[in-house]
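The values are calculated or read from the model by the stated rules, or taken from the named source; none is laboratory data. Quantities reported herein were computed from a predicted structural model and do not represent experimental measurements. Every residue, glycine among them, receives a Cβ derived from its backbone with ideal geometry; neighbour counts consider all protein chains shown. For accessibility, only protein heavy atoms count, side chains too; no ligands or nucleic acids. Shrake-Rupley method; radii C 1.70, N 1.55, O 1.52, S 1.80 Å.
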Amino acid sequence: MKHVKTLNKTNLKKTAAKGGCSECQTSCQSACKTSCTVANQKCEK
Amino acid sequence: MIHKYSLNGFNIVLDICSGAVHVMDELGYELVDYTSADMPEKCPDEAYNALNKFSKEEIDETYSELYELVKEGLLHTPDDYDQFKGKMAPAPIKAMCLHIAHDCNLRCDYCFAAKGDFGHGRKLMSYEVGKKAIDFLLDNSGSRTNLEVDFFGGEPLMNFDVVKQLVAYARSREKEYNKNFRFTVTTNGLLLDDDIMDFINKEMSNVVLSIDGRKEINDALRVSPNGKGCYDIIVPKFKEMVKRRNGEQYYVRGTFTRKNPDFYEDVMHLYDLGFDQISIEPVVSDPQISYSLTEEDAERVGQEYEKLAKKIIEMKKAGESINFFHFMLDLDQGPCAIKRLRGCSCGNEYVSVTPEGDIYPCHQFVGIDGFKMGNIDDGKIDNELKAEFSKANIFNKEHCRDCWARFYCSGGCNANSQQYAGGIFNKHEVSCLLEQKRLECAIMIKAALAEDEE
């Protein structure tokens, strides 16, 4: 495309079907303890 | 639904529900306002009229690109996540914050743990209580394999023998239960010595080292009981600790307050000291306190996040790197949608246990009336409260329903909402403003680095 550059083509919605295993890290167990950001965790699959 | 913003010369359009991020030229960025999920194949006349500084050919070409994105499900993706509401239910407990010491050898002014004792007297956790907490986790973790235990305080190194014993105990049960314990520790560093460092490096998957940055900033609030700052003691210890870990899996973690809105300088100071895994976070405190951050500070803090983001880009391009915790974002391999919908999961999948064995939804709820969920002595937990916390997600927080950042912060910190906005479902305005700004910066960094890859 000439006018638009898409940085990622993964579709979040598609991750829902097989998601929710809960094996990934709890946000507050990493470095925060005070200000939650869930999206900066890694998927374990 | 989209969120569009311009930052550092990049026109960014986030497709909220697919998570796709688009960087657009000026025409695309303006034309996107004339698009929608059910946009016609032909560009509407009003767009030609409004954007008449561009040629018809250019507009048609750009419109076609946007049309294609919509058809691919990467723009104006409808929100039909309600179908997953049923998955927001009470779940096995798989993460535990173990308050190994409600005592501390520092008296940091901003400490949410009331300078170490959570307002309930100084106390260390006994091995027996800790062991029961580990058993509680094993018994309540269902089919979850990875179990996280963070040794927390107060200052956990004040009770490190018990930490060692509990690690040994948990490891001894792993095989039988088919579990994998991941230990972490959060420490102010004062008591770090060779033995403790070696133990942590052998057993802990992550270590969080508390330091606020520049000496004068750190020593203004991170002080010993006699009022002396701790910077000179902890810096050499943290350097040694990180060296022994080969620089892997750690964070130096600090807090900024209204007194150092120029926290960019603190991040860079930590980098200059040799640390590259850095988390500097906004203070959590009563808005009446002089150093508390309020909505009025959001703009100034936002400027500082922007400054930091630009510096990180510059460094990356020069082959250097800072991993700033709140700018971490993997646009392709981040957590699944269900994780993002569930939120921080405190009080449901994650709990805290005090030295007395009391169970709370998380470390920040400890000592707050009405939030004690049970005690590990009998292992019973208030399932009604657990169910209530399972509902603390973006479906049930009114202010999240239409927020563009909802799949990133996932509803934010329930403890902040409870303490400073009157309930776990309520909006803590300043937290939202800062989180949104951090995310805009994090996405912009991706755009800038992608530009370089071309």
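Dividing the alpha-carbon Rg of segment B:391-454 by 2.2 N^0.38 Å yields what?
This ratio for segment B:391-454 stands at 1.33.
Once you order the gyration tensor axes a ≥ b ≥ c over the Cα atoms, which shape class does segment B:278-339 get: rounded for a/c under 1.5, otherwise prolate or oblate by comparing a/b with b/c?
Oblate, since a/c reaches 1.5 and b/c is not below a/b.
As a test of understanding, state the convex hull volume per residue of chain A from its alpha carbons, in Å³.
Dividing the Cα hull volume of chain A by its residues yields 113 Å³.
Can you tell me the FRET efficiency between B:D378 and B:K202 if r is taken as the Cβ-Cβ distance and R0 is 30 Å, rounded to the nearest 0.05?
With R0 = 30 Å, the Cβ-Cβ based efficiency is 0.30.
So what's the angle, to the nearest 10 degrees on a 0 to 90 scale, between helix B:160-177 and the longest Cα principal axis of chain B?
Result, in degrees: 70.
Report, in listed order, any pair from B:K317/B:K446; B:K94/B:K239; B:K310/B:K339 with a Cα-Cα distance greater than 23 Å.
B:K94/B:K239; B:K310/B:K339
Post the alpha-carbon centroid distance, segment B:402-436 to segment B:76-131, in whole angstrom.
When both Cα centres are located, 17 Å separates them.
Would you mind pulling out the separation of the Cα centroids of segment A:1-33 and segment B:223-292, in Å?
Segment A:1-33 and segment B:223-292 have Cα centres separated by 28 Å.
What length, rounded to one decimal in nm, is gained on full extension from B:E72 through to B:S321, with 0.36 nm per residue of separation minus their alpha-carbon distance?
Extra length from B:E72 to B:S321 when fully extended: 86.2 nm.
Using 5 Å bins from zero, what percent of all Cα-Cα pairs in segment B:61-117 falls into each bin?
With a bin width of 5 Å, the distribution comes to 4, 12, 10, 8, 7, 7, 8, 10, 9, 9, 8, 6, 2, 0.
Eigenvalues of the Cα gyration tensor times 5, then square-rooted: what semi-axes does that give for chain B, in whole angstrom, largest first?
Semi-axes (√(5λ), whole Å): 42, 27, 20.
Stretch B:Y127-B:E26 to full length: gain in nm at 0.36 nm per residue minus the Cα-Cα span?
30.1 nm
Tell me, what is the FRET efficiency for B:N246 and B:E299 to the nearest 0.05, using R0 = 41 angstrom and their Cβ-Cβ distance as r?
Here the calculated transfer efficiency is 0.55.
Which percent of the accessible heavy-atom area of segment B:206-260 goes to carbon and sulfur, probe 1.4 angstrom?
Ligands and nucleic acids excluded, carbon and sulfur reach 50 percent.
Just want to confirm a number: the relative contact order over chain B, from Cα pairs under 8 angstrom separated by 6+ residues, in percent.
16 percent
Restricting the calculation to Cα positions, tell me the Rg (one decimal) and the Dmax (whole number) of the protein assembly as shown in Å.
23.4, 76
For helix B:298-317, report the angle its Cα long axis makes with the longest principal axis of the Cα atoms of chain B; keep it between 0 and 90° and round to the nearest 10°.
In chain B, helix B:298-317 runs at an angle near 80 degrees to the longest axis.
Taking only the alpha-carbon positions of segment B:330-374 and ignoring solvent, what does the Debye formula give for the base-10 log of I(q)/I(0) at q = 0.26, 0.30 Å⁻¹?
Listed by q, the Debye log ratios stand at -0.85, -1.02.
Pulled fully out, how much extra length does the chain show between B:N226 and B:D161, if you take 0.36 nm times their separation in residues and subtract their Cα-Cα distance?
So the extension gain works out to 20.8 nm.
Just order B:444-451, B:181-188 by mean Cβ neighbour count inside 10 Å, highest at the front, would you?
B:181-188, B:444-451
Quick one: accessible area per residue over chain B, 1.4 Å probe, rounded to a whole number of Å²?
39 Å²
So if I place +1 on the C-beta of Lys and Arg and -1 on the C-beta of Asp and Glu, and nothing else carries charge, what would the dipole magnitude of chain B be about its Cα centre? I want it in debye, nearest 20.
Value, rounded to 20: 1900 debye.
Using only Cα atoms, tell me the angle between helix B:231-244 and the longest principal axis of chain B; keep it within 0 to 90° and round to the nearest 10.
Taking Cα atoms only, the helix is inclined about 80 degrees.
Residue farthest toward the positive end of the dipole of segment B:1-138, with Cβ of Lys/Arg at +1 and Asp/Glu at -1: which of B:A133, B:A91, B:C111?
B:A133
Would you mind computing the Rg to Rh ratio of segment B:85-165 from its alpha-carbon coordinates, Kirkwood style for Rh?
1.07
Report ³J(HN,Hα) in whole Hz for each residue of segment B:328-338, in order, from the Karplus equation J = 6.51 cos²θ - 1.76 cosθ + 1.60 where θ = phi - 60°; Gly and Pro get x.
Each residue's phi maps through the Karplus curve to give 5, 7, 10, 5, 9, 10, x, x, 5, 4, 5 Hz.
Would you kindly work out the equivalent ellipsoid of segment B:244-378 from its C-alpha gyration tensor and give its semi-axes, the square roots of five times the eigenvalues, largest first in whole Å?
Equivalent ellipsoid semi-axes, largest first: 32, 21, 16 Å.
Seen from all sides and averaged, what is the projected area of the convex hull of the Cα atoms in segment B:162-294, in nm²?
So the mean shadow area of the Cα hull is 9.8 nm².
Just the number, please: carbon plus sulfur as a percent of the accessible area of segment B:10-114, 1.4 Å probe, no ligands or DNA/RNA counted.
Ligands and nucleic acids excluded, carbon and sulfur reach 49 percent.
Report the FRET efficiency, 1/(1 + (r/R0)^6), for B:D194 and B:D452, where r is their Cβ-Cβ distance and R0 is 41 Å, rounded to 0.05.
Efficiency at R0 = 41 Å is approximately 0.45.
Shielding of B:122-133 by partners, i.e. mean partner chain Cβ atoms within 10 Å per residue?
0
Placing +1 at every Lys and Arg Cβ and -1 at every Asp and Glu Cβ, with all other atoms neutral, what dipole size does the protein assembly as shown have around its Cα centre, in debye to the nearest 20?
Dipole magnitude for the protein assembly as shown comes out near 1440 debye.
Please report, in debye to the nearest 20, how large the charge dipole of segment B:318-366 is about its Cα centre when each Lys and Arg carries +1 at its beta carbon and each Asp and Glu carries -1 there.
200 debye
Mind ranking B:207-217, B:92-102, B:122-132 by how tightly packed they are, going by the mean number of other C-beta atoms within 10 angstrom, highest first?
B:92-102, B:207-217, B:122-132
Would you work out which of B:G274, B:T294, B:Q249 lies farthest towards the positive end of the dipole of segment B:212-347, given +1 charges on the beta-carbon of Lys and Arg and -1 on that of Asp and Glu, about the Cα centre?
B:Q249
Report the semi-axes of the equivalent ellipsoid for segment B:135-218 in whole Å, largest first, where each axis is √(5λ) for an eigenvalue λ of the Cα gyration tensor.
28, 14, 10
Count the lysine pairs in chain A whose Cα atoms lie under 19 Å apart, taking only pairs 8 or more positions apart in sequence or on different chains.
10
At what distance in nm do the modelled label points of B:A89 and A:E23 sit from each other, each positioned 7 Å from its Cα along Cα→Cβ?
Distance between label points: 2.2 nm.
Per residue of B:406-413, how many C-beta atoms from partner chains lie within 10 Å of its own C-beta, taken as a mean?
4
Consider just the alpha-carbon atoms of segment B:1-160 and return their Rg together with their Dmax, both in angstrom.
27.2, 76
Rounded to the nearest 500, what is the 222 nm mean residue ellipticity of chain B from helices alone, with -39500 (n - 2.57) per DSSP H run of 4+ residues and division by all residues?
Counting only the DSSP helices, I get -11500 deg cm²/dmol.
For chain A, give the percent of accessible area contributed by carbon and sulfur heavy atoms, probe 1.4 Å, rounded to a whole number.
56 percent
Chains A and B: buried accessible surface, both sides, probe 1.4 Å, rounded to 100 Å²?
5300 Å²
Name the residue from B:P335, B:I12, B:F371 whose Cα lies farthest towards the positive end of the charge dipole of the protein assembly as shown, charges +1 on Cβ of Lys and Arg and -1 on Cβ of Asp and Glu.
Going by the charge dipole, the pick is B:F371.
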